[in-house]
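J.: My questions all concern the structure below.
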Amino acid sequence: MDASVAAILGAAIGAVGGVGGGLLTLSTQLRSLDAQHRAEEKRWLADLRRETYTGFVTCAKQLSNAVWKASDLLHAEGGVEDWESARCSVHDAWTQFSAASAAVTMAGPHAVAAAAEDLREALRQWELLTGTWIRAAIQQGTGRLAEHDRQFMAGFEAKKPLEVAFQVAARRALLTSARWGDSVRTS
């Protein structure tokens with residue numbers, strides 16, 4: 001084999017090797033970019049869910065606070081004006097909570113959305129019981145209505161385990177349950 005053929009053959013082998021190495025490098029970089037994209041997408045989804053779940057819990061606590069304030073007013077023999085104001089506050093808190101609940105349903109996953117829906121329904125019932133109690137107080141001129149108070153407390157008890165169930169489901173979805181365990185306290 002003469003030198004020119006050897007040089008051409010060497011150049012061809014070098015070119016093929018260079019192209020092969022370049023393709024291998026490109027393939028590695030594409031896999032790395034894909035892995036980075038997936039990690040960023042997971043981080044984005046976890047951040048979105050954390051924010052959505054936090055907003056949901058905050059709105060649930062605000063609704064609970066408004067309902068308890070209404071109960072306090074009903075026990076304190078406030079007047080019609082106070083009761084109407086409390087009814088409006090409860091309704092406004094319900095509206096905010098309902099919107100936060102819809103956001104959780106969209107953010108998912110299914111287990112968290114289902115737990116949020118269960119809690120939403122329990123808080124809806126509690127909110128409705130409070131409104132019924134307020135209307136009865138306005139009609140009867142007193143907020144000290146034992147049957148309404150009993151139903152109110154039953155509504156409170158019904159929502160407590162559902163708050164815990166939501167928080168457990170949310171922690172699992174956010175992969176924080178291993179760090180924090182599954183015991184949650186609620187007010």
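The values are calculated or read from the model by the stated rules, or taken from the named source; none is laboratory data. None of these values were measured; they are calculated from a predicted model. Every residue, glycine among them, receives a Cβ derived from its backbone with ideal geometry; neighbour counts consider all protein chains shown. These area figures cover heavy atoms from the full protein model, side chains too; ligands, DNA and RNA do not enter into them. Shrake-Rupley method; radii C 1.70, N 1.55, O 1.52, S 1.80 Å.
J.: How large is the helix-only mean residue ellipticity at 222 nm for the chain, computed as the sum of -39500 (n - 2.57) over DSSP H runs with n ≥ 4, divided by its residue count, in deg cm²/dmol to the nearest 500?
T.: One gets -32000 deg cm²/dmol as the mean residue ellipticity at 222 nm.
J.: Here's something else I'd like to know. When 1/r is averaged over all different Cα pairs and the result inverted, which Kirkwood radius in Å belongs to the stretch 44-119?
T.: For the stretch 44-119, inverting the mean 1/r across all distinct Cα pairs yields 13.4 Å.
J.: Can you pull the three principal axis extents for the Cα set of the chain, in Å, largest first?
T.: So the extents along the principal axes, rounded to whole Å, are 115, 31, 19.
J.: Mind checking the angle between helix 3-75 and the chain's longest principal axis? C-alpha axes, 0 to 90 degrees, to the nearest 10.
T.: Tilt relative to the chain: about 0 degrees.
J.: Can you give the angle from 0 to 90° between the axis of helix 110-140 and the longest principal axis of the chain, with both taken from C-alpha atoms, to the nearest 10?
T.: With both axes taken from Cα atoms, the answer is about 20 degrees.
J.: Turning to a different aspect of this structure: Give the aspartates and glutamates reachable from Lys160 as a straight Cα distance under 16 Å; neighbours fewer than 8 places away on the same chain don't count.
T.: Of all the aspartates and glutamates, those that pass the test against Lys160 - Cα under 16 Å, at least 8 places apart if same chain - are Glu117, Asp118, Glu121, Glu127, Asp182.
J.: Another one. To the nearest 10 degrees, how steeply does helix 80-107 sit against the main Cα axis of the chain, on a 0 to 90 scale?
T.: It works out to around 20 degrees.
J.: Magnitude of the Cβ-charge dipole of the chain, K/R +1 and D/E -1, about the Cα centre, nearest 20 debye?
T.: Here the chain has a charge dipole of around 440 debye.
J.: I'd like to know which of Val90, Phe152, Leu48 lies farthest towards the positive end of the charge dipole of the chain, counting +1 on Cβ of Lys and Arg and -1 on Cβ of Asp and Glu.
T.: Leu48
J.: While we're on this one: On the full set of protein chains, 1.4 Å probe, figure out the accessible area of Ile138 and give it in Å² to the nearest 10.
T.: 50 Å²
J.: Oh, and also: Exactly which GluC sites (Glu not before Pro) in the stretch 70-141 are in a DSSP loop and have at most 15 other Cβ atoms within 10 Å?
T.: Hits after loop and neighbour filter: Glu77.
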